[in-house]
Amino acid sequence: MDLTTQKLLEQNMLGDSVITTRIDAVIDWGRQSSLWPFVFGTACCAIEFMATAASRYDIARFGAEVLRFSPRHADLLVVAGTVSMKQAPILKQIYDQMPEPRWVISMGACASSGGFYDNYTTLQGIDEIVPVDVYIAGCPPRPEALLDAVVEIQKMLWKEPALKPRRPDFKGILDEQ
Amino acid sequence: MSSETFDFEAFKRAASSVEVAGKMGGMPVIRVDETELFRAASFLKERQRYTMLLEITAVDWLTSPKPPSTRFETLYLFRHEDFARTVALKVAVHDPEQGVDSLTPLFLSADWLEREVYDQYGIVFKNHPCLKRILNHLQFEGYPLRKDYPIDRRHLCTETQDMMDELGPLIETEGYDLANDNLMVLNLGPSHPASHGTIRTIVALDGERIVAGASEIGYLHRGFEKSCETHTYNQIIPYTDRLNYCSALMNNIAFAKTVEEMLDIQLPDRAIFIRVVLAELSRIIDHLVCLAAGLLDMGAQTNYWYLFNPRNDAYDFLSKLTGARLTNSFMRIGGMTHDLYEGWREDLDDVLKKVRQGIDETLRMVAKNRIFNERVQEISPVSAEDAVSWGFTGPNLRASGVPYDLRFADPYYYYDTFDFDMVVGSVGDTHDRMMVRFEEMLQSIRIIEQAVERMPQGPVNVDDRAVTLPPKEEVYNTIEGTMNQFKLIFEGVKVPAGEYYGAFEAANGELGFYIVSDGSGTPYKVKVRAPSFLHMQAYPKIIVDYQVADAIMTLGSLNIIAGEMDR
């Protein structure tokens with residue numbers, strides 16, 4: 001609540017009047033500071049995620065500290081670590097279980113592109129399976145970089161219509177074509 | 001490892017067709033005929049008391065310049081019960097589809113080790129109870145570690161296995177009937193908050209009690225061993241960081257040490273002492289994350305902050321030193337990238353002070369806490385005998401009361417001259433596994449303090465132009481320096497042809513590297529003996545008869561690191 005609004009309320013200058021706004025603005029304002037992340041932590045990046053959640057970096061400062069361990073409760077998927085071909089169907093299942101609207105952060109080189117694991121077992125980037133909104137460089141990225149990605153998502157959601165499904169047309173290699 | 005007391009003559013009488021095939025470092029390598037393998041192994045175990053099966057792997061000699069008579073060979077490493085001696089058995093495999101005998105009736109650790117060889121090389125193990133892929137998914141075709149398998153051939157995985165082929169028989173042997181006994185089958189993982197990585201365990205529950213369990217691993221199989229075959233020795237160092245990413249530096253050191261032993265070079269003393277300091281600091285931060293996460297799993301959240309914050313302070317020290325918080329890649333063959341920075345001692349002292357404070361505060365909260373103790377005491381104990389047979393090493397083995405630590409059994413890097421104690425538990429339950437780690441951190445602090453005091457001045461790299469890069473002023477100003485740099489970067493450090501097994505007491509246990517060199521700058525084969533792989537194998541067996549909530553604590557106390565387990 002900004003200062004003018006507070007002042008108006010304190011002085012009861014609004015009286016019985018009604019505030020009008022756009023529904024998008026209200027919803028986005030609520031969403032931006034209450035992103036609920038689901039962390040699909042597979043490897044080294046997950047350890048840096050732990051550091052981000054711990055008190056030094058404190059992801060709560062950005063309103064994203066309500067870590068959910070069920071994708072059905074979350075709207076922000078953080079893929080932290082290498083995703084192998086064996087994990088791909090699991091990643092897809094997790095993404096499919098998340099309710100709309102949902103955002104995806106690809107944390108680190110492996111999740112974004114396979115990293116230096118260009119071999120028989122590693123998926124060359126999770127965007128072959130799920131749509132990605134923000135990629136973070138680094139192996140692993142520092143906690144500041146992850147916080148930056150969260151802020152990036154917050155900015156992004158302001159620009160989008162609040163009540164429409166995101167990325168309905170995305171087709172990954174595991175989706176039925 | 002000394003070898004003088006291995007009774008070869010008695011061994012020969014037992015298995016008729018054996019021959020000494022040479023030595024690997026100090027370790028005798030004995031060649032056994034396929035048909036004699038089982039007898040030889042049981043003789044080693046029963047009569048010679050080689051009670052731990054350390055490792056099983058295979059070598060594909062297809063592209064070797066000097067191939068032996070058969071394309072495939074399997075290799076078995078056995079460790080004596082005195083932990084000072086190791087012996088290797090080699091078996092020439094004439095037909096991988098016919099295969100060799102399984103050692104599962106003799107050693108508990110053989111099961112997954114053999115499955116891995118089958119998965120990666122396609123060598124069959126006769127009479128194995130459940131021979132199926134373990135690291136790769138079931139839709140995978142071909143055997144990736146065979147030399148004719150291209151490194152980038154991927155296979156799409158569209159579905160996960162249901163695991164009932166493993167769980168079903170286990171339920172039956174426990175005397176239950178899945179259809180009629182009203183058991184509940186529950187998946188723990190692969191994406192589970194307490195699995196600390198992607199590990200899947202499927203359990204059958206009778207009420208809250210676990211009746212049977214089976215684990216599926218391989219979700220973080222990243223092809224470390226195949227990638228090694230296309231990189232030079234120094235290029236492999238960043239890959240080793242990502243094995244046990246909670247103590248990356250320690251993996252660097254273990255790998256570099258093994259290659260240096262193959263090259264037969266002696267590091268300058270300053271480099272050795274720096275390595276001791278960094279290895280022990282890594283042990284501390286590894287145990288910190290294990291205990292912080294373990295306590296968090298049982299709801300003791302405050303301790304998570306108490307233990308994770310000093311870890312962050314250690315990160316600050318490491319990033320100042322190496323430029324990276326987690327994956328440091330600081331070591332090189334023959335030394336390390338550069339010397340310590342000015343003022344490192346004050347920073348390190350500060351880190352150690354905070355670590356000690358974190359441990360003190362946590363122990364004050366949990367050590368005599370009734371809730372904590374009742375949650376962890378007498379949960380999933382592992383007997384000393386079983387721990388050895390499972391191939392446990394490190395804190396998990398010592399928790400079971402087996403006094404084995406490579407820093408004592410086969411001291412390297414002057415460990416025999418440091419004043420510190422081996423931490424040994426008594427019953428091997430979850431409580432012991434956690435408490436051993438608390439105490440080990442304090443012992444590591446003692447070692448670091450002594451190493452810092454004793455650290456001499458001098459170079460941190462060997463003075464050998466075939467191993468160490470020349471100084472930059474030489475590279476830019478002289479043609480010899482430029483050529484030297486070019487050859488070392490492009491061709492790598494040339495390691496004499498041969499094979500070697502080097503072991504290191506890492507945070508989780510014995511981290512071993514079995515390396516085959518063909519004389520070039522790229523290894524012909526690298527196999528990691530990963531402690532977590534063997535610890536995980538025991539997990540679904542030791543949680544039986546306990547509750548789901550206990551199983552979560554047990555997993556945390558074993559400290560399974562997926563990167564190291566799946567490689």
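Of note:
- Percentage of interatomic Cα-Cα distances in region B:8-126 larger than 21 Å: 33
- Accessible heavy-atom area order of B:43, B:372, highest first, probe of 1.4 Å: B:43, B:372
- Carbon/sulfur fraction of accessible area - chain B, other protein chains in place, 1.4 Å, %: 49
- Once the C-beta distance of residue B:341 and residue A:23 is scaled by a Förster radius of 60 Å, the resulting FRET efficiency is 0.60 to the nearest 0.05.
- Per-atom-type breakdown for region A:22-158 gives carbon and sulfur 57% of the accessible area (1.4 Å probe, protein chains only).
- Pairwise centroid distance, computed over Cα atoms, of region B:376-431 with region A:134-169, Å: 45
- Residue-count net charge about residue B:275 - beta-carbon cut-off 14 Å; Lys, Arg +1, Asp, Glu -1: 0
- Counting Cβ atoms of other protein chains within 10 Å of each Cβ in B:146-154 and taking the mean gives 3.
- Cα gyration tensor of region B:491-567 - equivalent ellipsoid semi-axes, whole Å, descending: 36, 10, 9
- For the protein assembly as shown, taking Cα atoms only, Rg and Dmax work out to 26.8, 103 Å respectively.
- Span-like helix ranges in chain B, DSSP H, alpha carbon extent 24 angstrom or more, Kyte mean at least -1.0: B:269-297, B:301-322, B:344-366, B:430-454
- Modelled label reach - residue B:62, point 7 Å along Cα→Cβ, region B:117-131 residues with backbone N closer than 18 Å: B:117-124
- Cross-link reach is defined here as a Cα-Cα straight distance under 19 Å, omitting same-chain residues fewer than 8 places apart; for residue B:487 the aspartates and glutamates meeting it are B:229, B:260, B:463, B:464, B:473, B:474, B:518.
- Hydrodynamic radius of region B:159-232 per Kirkwood, over alpha carbon pairs, in Å: 14.1
- Note, ³J(HN,Hα) from phi for region B:455-472, Karplus 6.51, -1.76, 1.60, rounded to Hz, x at Gly and Pro: 5, x, 7, x, x, 10, 10, 5, 8, 8, 5, 7, 10, 9, 5, x, x, 4
- Scaled radius of gyration (Cα, divided by 2.2 N^0.38 Å) that region B:182-312 gives: 1.40
- Kirkwood Rh (inverse of mean 1/r, distinct Cα pairs), region B:224-566, angstrom: 20.8
- Relative to the compact-globule estimate of 2.2 N^0.38 Å, the Cα radius of gyration of chain A comes out at 1.19.
- A Cβ-based charge dipole, computed about the Cα centre of chain B with Lys and Arg at +1 and Asp and Glu at -1, lands at about 800 debye.
- Cα pair distances exceeding 28 angstrom across region B:248-405, given as percent: 35
- Accessible surface buried once B binds A (1.4 Å probe; total of both sides; Å²): 3900
- Cα centroid separation - region B:57-104 against region B:157-178, whole Å: 31
- Average partner coverage of B:406-418, which counts Cβ from other chains inside 10 Å: 0
- In a fully extended conformation the segment linking residue B:421 and residue B:356 would gain 21.7 nm over its present Cα-Cα distance, using 0.36 nm per residue.
- Loop sites by DSSP among the chymotrypsin sites (Phe, Trp or Tyr not before Pro) of chain A, restricted to those with at most 16 other Cβ atoms within 10 angstrom, leave A:70-169 as the longest stretch without any of them.
- Overall form of region B:109-255 per C-alpha gyration tensor (a/c, 1.5; a/b vs b/c): prolate
- Calculated [θ] (222 nm, deg cm²/dmol) that DSSP helices of n ≥ 4 give over chain B, each run adding -39,500 (n - 2.57): -13000 deg cm²/dmol
- Take each residue of peptide A:135-148, count the partner chain Cβ atoms within 10 Å of its Cβ, and average: the result is 2.
- Region A:22-90 shape via C-alpha gyration tensor axes, a/c threshold 1.5: oblate
- Between residue B:365 and residue B:487, the simple label model (points 7 Å from Cα in the Cβ direction) yields a spacing of 5.8 nm.
- Rounded to the nearest 20 debye, the dipole size of the protein assembly as shown about its Cα centre is 780 debye, using +1 on the Cβ of Lys and Arg and -1 on the Cβ of Asp and Glu.
- Accessible area per residue, Å², chain B with all protein chains present, probe 1.4 Å: 36
- Within region B:114-145, trypsin sites (Lys or Arg not before Pro) in DSSP loop having at most 15 other beta-carbon neighbours inside 10 Å: B:132
- Using θ = phi - 60° in the Karplus curve 6.51 cos²θ - 1.76 cosθ + 1.60, the 3J(HN,Hα) couplings for region B:96-104 round to x, 6, 6, x, 10, 5, 7, 9, 4 Hz; x is entered for Gly and Pro.
- Mean ellipticity per residue at 222 nm, deg cm²/dmol - from DSSP H runs of n ≥ 4 across chain A, formula -39500 (n - 2.57): -10000 deg cm²/dmol
- The packing ranking of peptides B:33-41, B:310-318, highest mean first, is B:310-318, B:33-41, where packing means the average number of other beta carbon atoms within 10 angstrom of each residue.
The values are calculated or read from the model by the stated rules, or taken from the named source; none is laboratory data. These figures come from a predicted structure and were not determined experimentally. Cβ: placed from backbone, ideal geometry, glycine included. Neighbour counts: every protein chain shown. Remember, those area values only see protein heavy atoms, side chains included, never the ligands or the DNA or RNA. Shrake-Rupley method; radii C 1.70, N 1.55, O 1.52, S 1.80 Å.
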